[in-house]
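The structure appears right after this line, and notes come after that.
The values are calculated or read from the model by the stated rules, or taken from the named source; none is laboratory data. Being a predicted model, the structure only gives us computed values, none of them experimental. Here the Cβ positions follow ideal geometry from the backbone for every residue, glycine too, while neighbour counts run over all protein chains shown.
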Amino acid sequence: MDTDARKPGPSLVPLVATWLALVALTLVSVRLGDGLSRHDAVQLIVAAIIWLKGHLVARHFIEANQVHPFIRNVLRVFIACAPIAIVLTTFFGAEFARWASL
């Protein structure tokens, strides 16, 4: 079995670039929250940013692309849960509140 293909590279450039992208996405999120907090379309952008940040962390810091496919797929579903919940509560919040009330 060829194990060389699964070893991470010694370069820190991808990690630093990913970290800078995460910082930039965080700053974009703050600007969106300051300026457009009342619009429903902002929630879609925030959900996309959350998904992208989760994907970047999983790929570059957790190295999910090098694990067993089952674990990788579980991680993908886990990362998708928060953005899906944001979108559903944005557009169907009243229905969720009615389901949760006693």
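Some points to look at:
- Some residue of segment 22-37 being more than 30 Å from residue 93 (Cβ to Cβ) and among the acidic types (Asp, Glu): no
- Residues that are closer than 20 Å to residue 12 by Cα and in a helix (DSSP H, G or I), drawn from segment 46-78: 53, 54, 55, 56, 57, 58, 59, 60, 61, 64, 65, 66
- Filtering 77, 87 for residues that are loosely packed, with under 12 Cβ neighbours inside 10 Å, under 14 Å from the mean Cα position of the chain (by Cα) and aliphatic (A, V, I, L, M) leaves a single hit, 77.
- Criterion violated by residue 53 - all others in (1) loosely packed, with under 14 Cβ neighbours inside 10 Å; (2) of a type outside the set (A, V, I, L, M, F, W, C); (3) modelled with pLDDT of 85 or more satisfied: (1)
Let's see how each residue does on (1) at pLDDT 85 or above; (2) in contact with a strand residue (DSSP E or B) (Cβ under 9 Å, 6 or more places away or on another chain); (3) assigned to a loop (DSSP other than H, G, I, E, B); (4) surrounded by 13 or more Cβ atoms within 10 Å (Cβ to Cβ):
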residue	(1), (2), (3), (4)
1	no, no, yes, no
14	yes, no, no, no
19	yes, no, no, yes
28	yes, no, no, yes
33	no, no, no, no
44	yes, no, no, yes
